[in-house]
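**Q** Starting off with a structure, shown below.
The values are calculated or read from the model by the stated rules, or taken from the named source; none is laboratory data. From a predicted model like this one, the values you see are computed outputs, not experimental measurements. When we count neighbours, we look across all protein chains shown, and the Cβ atoms used for this are built from the backbone with ideal geometry, even at glycine. Surface accessibility is based on the protein's heavy atoms, side chains included, excluding ligands, DNA and RNA. Shrake-Rupley method; radii C 1.70, N 1.55, O 1.52, S 1.80 Å.
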Amino acid sequence: QRPPFQYRYLFEGEIYRGTAFRVTGGLRQALDRYRPGDRIPVHLDPAQPDRALIQPGLVASDRWQLGLAGVLMLIALWLTGRQFSS
């Protein structure tokens, strides 16, 4: 099955294909924002140029998950501290 979103990029004379994207609104926003034939920035790992991503960074759901992880960590630290002080 063909991915719903794909792009090609050139790195050091070699053409690669990618499908990973990171847009706040998900696939629908990516399809609305980028049209076939558009030139778009692609971010890649120079050590592994086959690993690329459009618009890297955090989206709203990432921030929420990080916040929840932080709260859970604080609760765990608090509970650990209570155990040792008893």
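**Q** Which pairs do you get when a residue that is open to solvent by less than 50 Å² (accessible area, probe 1.4 Å), found in region 3-20, comes within reach of a residue that is modelled with pLDDT of 90 or more and in a loop (DSSP other than H, G, I, E, B), reach meaning Cβ atoms under 9 angstrom, with the pair 6+ apart or on two chains?
**A** Once the first residue is open to solvent by less than 50 Å² (accessible area, probe 1.4 Å) and sits in region 3-20, its partners that are modelled with pLDDT of 90 or more and in a loop (DSSP other than H, G, I, E, B) give Phe11/Pro46.
**Q** Looking only at region 8-40, count every residue that is outside any loop (DSSP other than H, G, I, E, B) and at pLDDT below 85 and tell me the total.
**A** Going through region 8-40 one residue at a time, the tally reaches 8.
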